[in-house]
Structure formats: C-alpha cells, structure tokens
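Note sheet for the following structure.
The values are calculated or read from the model by the stated rules, or taken from the named source; none is laboratory data. Because the structure is a prediction, the values reported are computed rather than measured. Because the Cβ atoms are built from the backbone with ideal geometry, glycine has one as well, and the counts that use them run over all protein chains shown. We work out accessible area using only protein heavy atoms, side chains counted, and drop any ligands, DNA or RNA first. Shrake-Rupley method; radii C 1.70, N 1.55, O 1.52, S 1.80 Å.
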Amino acid sequence: MKETPLSNCEKRFLLRAIEERKVREQPPAFPSFPPTFLSPLIPLSALQRLDGRQSYDYRNVRVSFGTDYGCCVVELGKTRVLGQVSCELVAPKPNRATEGILFFNLELSPMASPAFELGRQSELLVKLNRLLERCLRNSKCIDTESLCVVAGEKVWQIRVDLHLLNHDGNIIDAASIAAIVALCHFRRPDVSVQGEEITVYTPEERDPVPLSIHHIPICVSFAFFKQGTYLLVDPSEREERVMDGLLVIAMNKHREICTIQSSGGIMLLKDQVLRCSKITGVKVAEITELIQKALENDRKVRKEGGKFGFAESIPNQKITAFKMERALVDANDVEEQAEEIIMKADPPLDVFAKPILWTPGTAQIGEGVENSWGELEESERGEEEDDDNDPDTLEDPKMEMEDVSIVSKTKKDDTIVLSDSEEEEVVILKPEKVPKKTRTPTSSKQENSSKKVGNKKRKKKRVSY
C-alpha cells in the first residue's frame, strides 16, 4: 500500500513553518555548543517547527529493557524500535578464520506504517540495512576476534534483529541506538574447549559473558530544505516528505566519524558539513551518557532481583504501556463520613414505606404504571377498529352469501397464485380478459362489497397459515 502523498497546501504549510522567522528579545542559550559555528547561517531563534522544537533540538530518547539479555526498546519521540540479539556457533568465513560474524537485519512491518509492505525489500530498507552495517560492523565497534572459539572451526555468530514498531520519522537514528544498546546489554554463554570437545554452559552453570565493545557509534540525521538554506536535526515523518536532502553522520563520543552519507542530490558546502559534524559530536555525547546510565540502572536492578522497563508486563501477559498508578484510598472513619453525607443530603420527594403484597413472594412499591404486556401494536389495533366500524360488514349474512355467489360466478376464470414463502404470504391475482357477452352485469355497490369480502377472506387465510 502506497503512502498518501501530501497535498500542495500541506507542503507549503510545512515549509512556511520552517521558514517563519520569529523575533525574540533573547535567543536561547546553548552552553554545550561552540559559539563560533552558530553565526554563519540563520540563527536558532529564526526557525520554528511544527512540534515546537528549534532547528537543532533532538526529540526525547527513552531506553527500556526486557527480561532477557539483549532485548530493548528505544523510543525517539513517537518512533519506536525493538532490538533483539541472539547468537549461535557456526563455521567461520574462509578468508577470516579467527573472527566472529556480525549480522544485522532491520524489518519494516505494516504495523509501523501502512506504506510498508510485508515480505518485500524496498529501496529504503536496503539503504537502511547497508547504513547500519557500515556504522556498526565496518567501524569495528565490536571485537570480532573475541568471538572465536576454535580457529577455522567454530566462531560465534551475533545476529541483531531490529523491528520498527511505529514510524514517525528518522528511522536510522532510532535503529542505530537500538542496535548498539542491545549489543551492550547482550550476554553470550560461556564456552570451554577440551581437546576437540566444545562445552557450552547454561546461565545457571556459569555467568554469561558480555561482548567486547570498543566504542559506541551513533547516527545523527540532518534534513536540508530550500537547497541547503534551512537545516533541521532529527526530522519527523512529515518533514522527511518535504525535505530536499538528508545527511547522516555516525560518530562516537571521541568525535571520530565512523561513516557519513548524503542523499537527495543536493550540493553541500564545506562549512555546512563541518557545522553538522560539530552538532553531531554534541548530540552523540548526550545520547552516549544516556545509554550508559540506562545500562547501569538495569545492572543494579537485576543484581537486586527487581524488574526494569517493560519487563514487568511480560510475566503477567498484560500491556502496561498506558498503565495508571493506583490511587490510595483512606478507609478510616468511613461510617462517620457516610452518615454526614446522608444527613446533609436532601430527602427524596415520595417515600413509600409500606410495600404492596399481591401474592406470596412478590412485592410492589408505589402505584406503578399501566401494564402493557400482551397488548397489540397500534397498527394492528387500528386495522381491527376499521374492520369493526365498517358498515358493509354489518349487513345481513344472506346478503354476504349472495355477494360470495356473485363473486364466484364473475371470478371463476381468474387465477390465484399463492407464494410458498414462509416469511410472507403473498396473493397475486392475474385476471384474464373476459368477453363482454359472458360477463354478468353487477352494480357498483355489489362490486365494492365483493372486493371487501375477498380482502377479508385473504386476511383469514394469512392468519390460518
């Protein structure tokens, strides 16, 4: 299913929100930014985004862990990514016999956005997977030689599965954070080698071993508008639709660039790239500190035997994302408070102290209303009244018999078709053209009375069926 394109009015509105200049008396202070690179282009106070952020503001990052090692959920605003790490012993690659294997897999499911199709690799998915491999595997952030068990025979294969749960823009940043957090949180089983025998120990027998991580690379995305005139950090989903180009820089806290990629076909100046790299260094330092604090808190809680993050919802098999805290209720002096409320309340208007006992086991309080059970509907009641008040039906029975005989003589050649349907009985009369010579003359009054008698007979037939 293709995503719904933005209309021209929506595009103009988004661009107008980015281009709008707002005069402020005092621009916001950013002590962590160097003062030298803020002046060349448009100042921060000049740009305003739809969600209220400034051009260099990053959305809130939240990290939570599961019950198993290597399971985490990263939320970047409303963009959510689930990361899960697993491992197995496999044969190494022939050209790298002493190194382990790292494998990354990102899935874009229709649950995250209707624009994604299940089981089909889109151009966006291929680009994101390649960028993740360049950011994490080619940067040598994990010591792959420590994953070797027996050179040339057995090595550990680390698989990182990333699932996009909700798409609200900037997938690559959220995916890179989720991947590195899951790798830092993962523990592989301990292994011992005795001769040709390889023994893998369970977590109960030996404590799992964490991975050897050299540094933590994180991607930061920049969106350009109006051919590079306006710059935004961490673009949202709607901002990505109207942007002209995208620049992704992967960097660690030591200000070492791991990878850089530009897409969109815009020409960037050297000053623009340098400014983006300086902003990336600031953002990466903040996110790295947040990741380390989250890992430390999880380590303390696990050591104490508690639960952290979304892990509390797994044993109870309940979703607690929108769980509300329990409100404490003071149950002391409840009877006294209830008596005060009753005393202050107004008495009811009508009080029936003595119930009416009709039969044993029944009681009635009040006069009640008229019983309407078993009564006919208004339409049926009206039909009966019309039949009773009809003057023609009150005539002599002899007259009725004469009318019936006249009808039988005049209508003996007519055909009557009765429907076999049980839901509704339908009578269809198909009269044939009778020559004038064989037709007996009848008065108008007799014809009317014969029709009414015929209708009455049809009603009786319907009741009998």
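All other residues with a Cβ under 14 Å from the Cβ of Leu132 taken together, and with Lys, Arg as +1 and Asp, Glu as -1, what is their net charge?
Details: positive: Lys127, Arg130, Arg134, Arg137, Arg159; negative: Glu107, Glu133, Asp161, Asp173.
Result for the neighbourhood of Leu132: +1.
List every residue whose amide H lies under 5 Å from the amide H of Gly245, counting only residues 5 or more places away in sequence or on a different chain, with H placed 1.01 Å from N in the peptide plane.
Phe224
Could you work out the relative contact order of the stretch 61-307, using alpha carbon pairs under 8 angstrom and six or more residues apart, expressed as a whole percent? Walk me through the numbers before you get to the answer.
Values: 471 pairs, mean separation 47.4, N = 247.
Here the relative contact order equals 19 percent.
Classify the stretch 61-307 as rounded, prolate or oblate from the Cα gyration tensor: take a ≥ b ≥ c as the square roots of its eigenvalues, call it rounded if a/c is under 1.5, otherwise prolate when a/b beats b/c and oblate if not.
Numbers: a/c = 1.90, a/b = 1.72, b/c = 1.10.
Prolate shape, in that a/c is at least 1.5 and a/b is the bigger ratio.
Using alpha carbons only, how many angstrom separate the centre of the stretch 127-153 from the centre of the stretch 242-281?
The two parts, judged by their Cα centres, are 23 Å apart.
Got the relative contact order for the stretch 59-187 handy, in percent, Cα pairs under 8 Å and 6 or more residues apart? The partial results should precede the final answer.
Values: 252 pairs, mean separation 52.9, N = 129.
The normalised contact order for the stretch 59-187 reaches 41 percent.
Rounded if a/c is under 1.5, else prolate if a/b is larger than b/c, else oblate: which is the stretch 108-251, with a ≥ b ≥ c the root eigenvalues of its Cα gyration tensor?
On the way: a/c = 2.94, a/b = 2.26, b/c = 1.30.
Prolate shape, in that a/c is at least 1.5 and a/b is the bigger ratio.
Which order, highest average first, do 73-85, 252-264, 149-161 follow once you tally other Cβ atoms within 10 Å for each residue and take the mean per peptide?
Values: 73-85: 21.5, 252-264: 15.5, 149-161: 17.3.
So the order, starting with the most tightly packed, is 73-85, 149-161, 252-264.
Averaged per residue, what accessible area in Å² does the stretch 61-307 show with a 1.4 Å probe, protein chains only? Before the final figure, lay out each step's value.
On the way: 11810 Å² over 247 residues.
Spelled out: the 1.4 Å probe surface of the stretch 61-307, per residue, equals 48 Å².
Looking at this model, which pairs from Lys78/Lys270; Lys127/Lys154; Lys78/Lys253; Lys127/Lys270 are more than 27 angstrom apart at the alpha-carbon? Let's see the in-between values first.
Numbers: Lys78/Lys270 33 Å; Lys127/Lys154 31 Å; Lys78/Lys253 25 Å; Lys127/Lys270 25 Å.
Result: Lys78/Lys270; Lys127/Lys154 exceed 27 Å.
Can you tell me the order of 179-189, 89-99, 283-293 when each peptide is scored by its average per-residue count of other Cβ atoms within 10 angstrom, highest first?
Values: 179-189: 22.9, 89-99: 13.3, 283-293: 17.3.
Highest-to-lowest ranking by the protection proxy: 179-189, 283-293, 89-99.
At a 1.4 Å probe, what is the % contribution of carbon and sulfur to the accessible area of the stretch 61-307?
Details: 5600 of 11810 Å².
That share works out to 47 percent.
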